[in-house]
Structure formats: C-alpha cells, structure tokens
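Working notes for the structure below.
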Amino acid sequence: MQGQSQQQAYDRGITIFSPDGRLYQVEYAREAVKRGTASIGIRAADGVVLAVDKRIRSPLMERSSVEKLHKADDHIGIASAGHVADARQLIDFARRNAQVNRLRYGEPIGVETLTKDVTDHIQQYTQIGGARPFGVALIVGGIDANGEPRLFETDPSGTPYEWKALAVGSDRGEVRDYLEDHYDEGIDLNEAIGLALEALGSVNDDALRPEAVGLATVGVEDREYRQLTDDEIEDYLLDLDLLADEDDAESEAAEGEEPDDEATEE
C-alpha cells in the first residue's frame with residue numbers, strides 16, 4: 001500500500017522525479033500515443049513516404065475531418081499518432097517555425113532543424129509546473145537542402161530520433177517487425193509506398209479500404225509534399241492484392257471501432 005501511495009504522489013507532479021528516476025506523466029503520455037491508430041514513415045532513396053491508418057468509426061463522420069497527415073512546409077510532411085488536439089498544437093507550432101525561417105533566412109527550414117525545434121518545445125512541457133506533456137508522437141519526413149531524404153520521430157519526452165523506417169501508434173511492435181524484415185535501403189519511392197501499405201495490411205488482416213488509408217510523399221526530384229487521392233491508393237491496393245471487398249467493409253462498420261479512436265485520438 002505504501003508503494004502505491006508513493007507512486008500516486010509522484011503521478012501528481014510532472015516536475016518531480018520518482019526515486020528510480022522516472023517521470024510517470026511522460027510514460028503515461030507514451031501510452032496515450034499507443035492508443036492512437038498506426039502511422040508509418042519510410043525513407044526511400046528518392047524521397048519519403050508517410051502512411052496512416054484512418055479508421056472511421058461511423059459512416060456519418062466526414063472523412064476529411066480525420067486529420068493524421070499534415071503539410072508543415074512545401075518540402076516537409078508530418079504524420080501523427082495520439083491525441084488530436086495535441087497534434088494540432090504541435091503542427092501549428094511547426095508551421096510557424098517553418099515560415100519564420102523562410103522570412104528570416106530566405107530559405108526552407110531543414111528537416112532536422114524543424115524536428116528539434118518541435119522537440120525542444122515538447123521538452124518544456126516535461127519540466128513546467130501546471131502543464132502536462134503532449135500525448136502525441138509525430139513522424140516528420142522531408143527533403144533537406146542538399147537533396148537528402150530525412151525521417152524523424154518526436155517522443156513525448158522531447159527526444160528526437162532519426163529512422164530509416166518506423167511506426168508509431170497502435171500495433172507499433174508488429175509493424176516495426178514487418179518493416180525490419182522487408183525494408184531495404186535501396187528502395188525507391190514507389191516501392192516504399194507498397195511497403196507502407198503492406199505493413200499496414202499486416203495488422204489489418206491484409207484488407208484495406210482506400211478511404212481508411214492516408215498516403216503522402218515528398219520526392220527528391222520536386223521536393224514537394226503530395227497527398228495521394230483515394231483512386232491512386234486504390235490502384236496500389238489492387239496491385240498489392242490488399243483491397244478489401246465490400247462485405248469486409250460492411251462487417252467492419254457493423255462491428256464498430258475500439259473506444260477512444262479518432263473522436264479523441266489519432
């Protein structure tokens with residue numbers, strides 16, 4: 001009982017370390033990320049791919065209101081997993097920093113620079129009394145000034161990590177295992193799109209609907225963020241034999257989604 005009461009006391013203060021050096025609120029924020037639907041980032045030789053699982057819990061919901069893919073700048077895209085409101089705050093912060101950099105220096109902001117600006121902002125909320133950590137993880141992908149694709153993850157602790165391929169959100173472990181088994185550093189952008197969809201399909205019974213998937217790319221050639229349409233995604237799913245039939249879609253809608261999905265989390 002004494003141990004439980006001590007842990008509860010440390011739960012109440014974000015600025016207080018437990019005796020074993022833990023910040024419980026930061027760990028709880030990571031758990032909030034795990035409750036969000038999966039997002040995937042893959043770095044290819046000629047660009048980066050961002051893919052997200054956009055599960056719609058009701059046919060009455062407007063699909064466009066489920067935002068998991070975001071354009072931070074012309075050459076940078078962001079995918080999120082976790083609480084929607086927290087993600088929107090960080091996306092707005094990233095967009096402001098990208099625009100300030102263009103106005104101040106007359107050039108696009110670097111992908112690593114933007115990521116570290118965001119994680120510095122996140123880190124402040126792990127040591128300020130009266131605030132809580134951001135319950136969201138971001139995948140930041142884009143092309144640097146030298147034409148190099150870069151892919152980063154932000155953590156609720158405020159730590160940035162660079163990856164070749166990664167997943168955040170629910171089923172992160174299974175998706176990451178799939179990526180580790182199938183990723184190749186020489187992969188091109190088109191192959192990376194296929195790999196991202198296959199990784200999503202591996203945790204969705206190999207059956208995906210175009211409207212339930214979001215895909216965006218940033219290519220080295222044009223350095224432009226581009227979000228794929230439902231028709232383009234459907235073509236990829238057909239080629240990969242991952243397209244769910246209508247019966248699957250209807251049964252999924254009838255069963256409904258797990259609680260705390262896109263209504264409150266991404």
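The values are calculated or read from the model by the stated rules, or taken from the named source; none is laboratory data. Bear in mind the structure is a predicted one, so any value in this text is a computation, not a measurement. All Cβ positions, glycine included, derive from the backbone under ideal geometry; neighbour counts span all protein chains shown. These area figures cover heavy atoms from the full protein model, side chains too; ligands, DNA and RNA do not enter into them. Shrake-Rupley method; radii C 1.70, N 1.55, O 1.52, S 1.80 Å.
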Take the conditions within 13 Å of the chain's Cα centre (by Cα) and in contact (Cβ under 8 Å) with a residue 24 or more places away in the chain and apply them to Ser170. Does it pass? yes
Output the number of residues of the stretch 125-145 satisfying the condition of being open to solvent by 10 Å² or more (accessible area, probe 1.4 Å) and at pLDDT 95 or above. 2
Can you find a residue that is under 16 Å from the mean Cα position of the chain (by Cα), of a type in the set (D, E, K, R) and either closer than 30 Å to Tyr125 by Cβ or modelled with pLDDT of 95 or more (or both) anywhere in the stretch 159-167? yes
Taking the stretch 37-60 as the region of interest, how many residues are of a type in the set (A, V, I, L, M), more than 12 Å from Leu215 (Cβ to Cβ) and in contact (Cβ under 8 Å) with a residue 24 or more places away in the chain? 4
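For (1) under 21 Å from Gly36 (Cβ atoms); (2) not small (Gly, Ala, Ser), each residue gets a yes or a no:
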site: Lys164; (1), (2): no, yes
site: Ser170; (1), (2): yes, no
site: Gly173; (1), (2): yes, no
site: Asp181; (1), (2): no, yes
site: Ile187; (1), (2): no, yes
site: Asn204; (1), (2): yes, yes
site: Leu208; (1), (2): yes, yes
site: Gly214; (1), (2): yes, no
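Conditions (1) at pLDDT 95 or above; (2) closer than 17 Å to Glu67 by Cβ; (3) open to solvent by less than 70 Å² (accessible area, probe 1.4 Å), marked per residue:
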residue: Glu224; (1), (2), (3): yes, no, no
residue: Asp230; (1), (2), (3): no, yes, yes
residue: Leu237; (1), (2), (3): yes, no, yes
residue: Ala244; (1), (2), (3): no, no, yes
residue: Asp247; (1), (2), (3): no, no, no
residue: Ala253; (1), (2), (3): no, no, yes
residue: Asp261; (1), (2), (3): no, yes, yes
residue: Glu265; (1), (2), (3): no, yes, yes
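Could you grab me the full set of residues in the stretch 125-167 that are part of a strand (DSSP E or B), touching a residue at least 60 places away in the same chain (Cβ under 8 Å) and closer than 20 Å to Arg95 by Cβ?
Hits for the stretch 125-167 are Val136, Ala137, Leu138, Ile139, Val140, Gly141, Gly142, Ile143, Arg150, Leu151, Glu153, Thr154.
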Could you grab me the full set of residues in the stretch 73-100 that are among the hydrophobic types (A, V, I, L, M, F, W, C) and within 25 Å of Asp171 (Cβ to Cβ)? Ile78, Ala79, Ala81, Val84, Ala85, Ala87, Leu90, Ile91
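Every residue, every condition in (1) modelled with pLDDT under 90; (2) open to solvent by less than 50 Å² (accessible area, probe 1.4 Å); (3) part of a helix (DSSP H, G or I); (4) closer than 23 Å to Ile128 by Cα, yes or no:
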position: Gln8; (1), (2), (3), (4): yes, no, yes, yes
position: Pro19; (1), (2), (3), (4): yes, no, no, yes
position: Arg22; (1), (2), (3), (4): yes, no, no, yes
position: Val26; (1), (2), (3), (4): no, yes, yes, yes
Quick check: is even one residue across the stretch 55-73 assigned to a loop (DSSP other than H, G, I, E, B), among the small types (Gly, Ala, Ser) and buried (at least 20 other Cβ atoms within 10 Å of the Cβ)? no
Which condition number in (1) at pLDDT 95 or above; (2) under 24 Å from Met61 (Cβ atoms); (3) of a type in the set (Asp, Glu) is the one that Glu191 fails? (2)
